[in-house]
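Inspection log for the structure reproduced underneath, given as structure tokens.
What follows draws every value from the coordinates through simple rules; no lab data is involved. For clarity, every value in this text was computed on a predicted model and none was experimentally measured. Methodologically, a virtual Cβ is constructed for each residue, glycine included, from the backbone with ideal geometry; neighbour enumeration extends over all protein chains shown.
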Amino acid sequence: MKPVSPVRSASVLIIVVLSPALLRAAGCAGPPALESEIRGKPGASSFVRLGQWFESHHNYECAAQSYRSALKINPSSAPTLELLGNALYSLGDLKSADDSLQQSIKLSPAVASAHTKRARILEQLQRSEEAKSEWQAALKLAPTSVEALDGMSRHLIAEGDNREAIALLRAARPTPSSEVLTLDLAQAYGKSGMLEEAETILKKMVAARPSSFPLTSALITVIVNKRFLKEAAALAGKYAAAHPQNFEAQRLYLRVLITAQDNVQALPLAQRLLHSYPNDDYLLYANGWLELQAGSFSEARRHLEESVSLNPNFSSAHFHLGVVLAKLNQPQEAKQQFEQVLALGNQQPEAHFELAKVLKTLGETQEAEHQLALFQEAKDAESQKNLIDSITSKAEQELAKGNAQNAAALYREALQTNPNDALLNYKLSVALDQAGDTAGERAALEKSVQIDPDMAIAQNQLGYLDSHDGDPTAAEEHFRQAVRAAPTFTDAWINLAATLGMESKFSEAEAAVANALKLEPENAQGLQLKEDLAASRAQQK
């Protein structure tokens with residue numbers, strides 16, 4: 001049967017539907033030269049250039065229309081599909097943007113930019129495992145891409161895998177031109193409790209780029225976390241003085257002064273900033289807080305009420321407004337504020353304590369006792385969390401230094417406080433793996449999946465251990481559980497395929513490796529395994 005060519009009819013359709021006159025009528029008037037070109041002989045490249053012109057003028061709706069027109073002429077253009085995905089993303093249509101980028105990647109899987117764009121969209125759609133696969137694909141194609149390194153490291157940090165983020169970013173060796181990667185590395189260090197390391201790299205970068213507010217702000221945050229509040233205030237003050245028109249710098253300086261409880265310096269700054277920005281909810285809160293400390297309750301109430309009016313979700317403003325109202329002998333109104341703090345999800349122990357006080361004043365003794373019990377529970381939980389965070393932070397530092405035995409001892413100490421934490425048990429298994437304690441590693445992994453059977457990474461590692469011990473049946477079950485829990489876990493699909501191949505289940509093995517290559521078409525292990533399976537099947541015939 002002779003194939004039918006759609007080119008001529010598609011060109012006619014474009015002229016009729018998207019002539020320059022109709023584009024103008026739709027509010028999509030482009031530059032006259034391009035309109036004339038499209039009027040004379042419309043081609044896909046003309047519509048692409050028109051779309052890019054619209055994008056450069058932030059008219060993403062018209063850009064999307066133009067790219068769609070180009071795709072009617074050339075529907076198999078991966079670059080145009082990527083451009084359409086980008087325009088749809090800018091319009092906020094994440095689902096359609098993802099569909100367009102998926103098509104682009106299917107047509108041309110070796111373009112890193114399409115993977116990074118899709119990864120960013122998947123993160124926003126909260127499809128975390130798929131996003132991770134796209135970041136990984138982008139990094140394989142472009143190992144030095146700042147955007148891909150930034151995306152992957154942020155993903156790892158969000159997962160709590162700070163050690164992997166640190167390893168990734170250290171290998172990238174951030175330079176002054178890659179400010180974003182330095183900020184990522186500092187964040188990973190900070191979340192691992194490695195504040196000295198975070199301070200060192202930030203000081204080096206700030207010396208190279210002293211006018212950078214993001215770098216200076218990050219350095220100040222680290223110094224505050226180290227509780228060197230005077231040093232932090234001095235640095236924030238110096239930057240604010242050098243950049244008097246930078247509002248964020250002034251506000252940061254105020255925040256540090258309040259944290260340092262330097263009310264003498266903070267009060268005039270807060271008043272001056274509020275005079276210039278009277279509708280800023282934080283500045284209203286800061287003035288109210290300072291007035292509360294000075295005993296000026298009426299003024300504090302006014303500013304705090306204005307703050308929560310502008311930002312009803314500002315729990316700290318509600319809390320301190322409640323304190324002020326209690327000071328002004330208005331317990332019913334104070335009760336409402338403390339209840340709002342808790343309703344917003346802020347379970348700070350002090351909210352329960354202050355609520356208990358006003359409930360007692362109102363004669364609600366039974367509820368007051370209940371709030372006091374909740375206060376004690378919250379204090380105990382806070383202490384426990386702080387203890388575990390401190391211990392695990394030290395463990396991550398030891399593991400980063402190669403001291404696996406010390407790290408394992410610290411993880412075990414943390415687990416004495418909270419033995420039913422699946423992630424902690426998994427982290428212990430990683431340390432024991434590095435220490436060469438396979439039996440201990442297995443026990444920790446089994447405990448992890450007993451608590452959370454859907455912890456795919458632990459199931460995958462148990463499958464690896466079973467395979468290494470010559471038990472492919474048990475390995476297969478763990479790998480199957482891993483891919484059930486995380487369908488985009490490429491390594492688990494490859495491990496499952498390899499195990500099924502060992503069991504001569506070639507059809508299932510080929511299906512599993514096909515799933516892996518669908519996720520990562522250029523995965524070297526997957527491609528090699530596909531060849532090996534084909535060869536093994538041929539030998540069986």
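Worth pointing out:
- Estimated [θ] at 222 nm from DSSP helical runs (n ≥ 4, -39500 (n - 2.57)) normalised by residues in the chain, nearest 500: -25500 deg cm²/dmol
- With a Förster radius of 41 Å applied to the C-beta separation of Arg302 and Glu522, the computed FRET efficiency comes to 0.05.
- Gyration tensor (alpha-carbon) shape descriptor, segment 453-541, a/c threshold 1.5: oblate
- Two-site FRET efficiency, Ala443 against Asn313, from Cβ-Cβ distance with R₀ of 56 Å, rounded to 0.05: 0.80
- Chain lengthening between Val180 and Asn329 when straightened (0.36 nm per residue, less Cα-Cα): 48.7 nm
- Normalised by the number of residues in segment 145-261, the mean separation of alpha-carbon contacts (under 8 Å, six or more apart) gives a relative contact order of 17 percent.
- Nearest-0.05 FRET efficiency for Asp99 and Glu248, computed from C-beta distance (R0 45 Å): 0.75
- Under the convention that each Lys and Arg Cβ holds +1 and each Asp and Glu Cβ holds -1, the size of the dipole of the chain around its Cα centre is about 1960 debye.
- Once the chain from Arg170 to Lys385 is taken as fully extended at 0.36 nm per residue, the excess over their C-alpha distance is 74.5 nm.
- Between Ala511 and Ala294, the simple spin-label model (points 7 angstrom out along Cα→Cβ) gives 7.4 nm.
- Taking every alpha-carbon pair in segment 145-261 and binning the separations at 10 Å intervals from zero gives 15, 43, 32, 10, 0 percent.
- Dipole orientation for the chain: of the candidates Ala535, Thr417, Leu325, Ala535 has the Cα lying most toward the positive pole (charges on Cβ; Lys, Arg +1; Asp, Glu -1).
- Cα-Cα pairs of the chain separated by more than 40 Å (percent): 46
- Of Pro79, Gly440, Val430, farthest towards positive along the dipole that unit charges on Lys, Arg, Asp, Glu beta carbons give the chain: Pro79
- Coil-residue trypsin sites (Lys or Arg not before Pro) of segment 356-413, DSSP, other Cβ within 10 Å capped at 11: Lys401
- Tensor-based shape of segment 353-496 (alpha-carbon gyration tensor, a/c under 1.5 rounded, otherwise prolate or oblate): prolate
- Set of segment 239-264 residues, backbone N closer than 16 Å to the point 7 Å along the Cα-Cβ line of Ser211: 239-247, 249
- Multiplying the residue separation of His468 and Asn346 by 0.36 nm and subtracting their alpha-carbon distance yields 39.2 nm.
- Close amide H pairs (under 5 Å, H built 1.01 Å from N) link Asn59 with no residue at least 5 positions away or on another chain.
- Extreme residue, positive dipole direction of segment 453-541, given options Phe479, Leu462, Ala524 (C-beta unit charges): Ala524
- Kirkwood hydrodynamic radius over Cα pairs of segment 247-396, then Stokes diffusion coefficient at 10 °C and 1.306 mPa s, in µm²/s: 96
- Loop-resident GluC sites (Glu not before Pro) (DSSP state other than H, G, I, E or B) in segment 462-541 with no more than 16 further Cβ atoms inside 10 Å of their Cβ: Glu503, Glu522.
- Computed about its Cα centre, the charge dipole of segment 218-267 is approximately 120 debye, with only Lys, Arg, Asp and Glu carrying charge at their Cβ.
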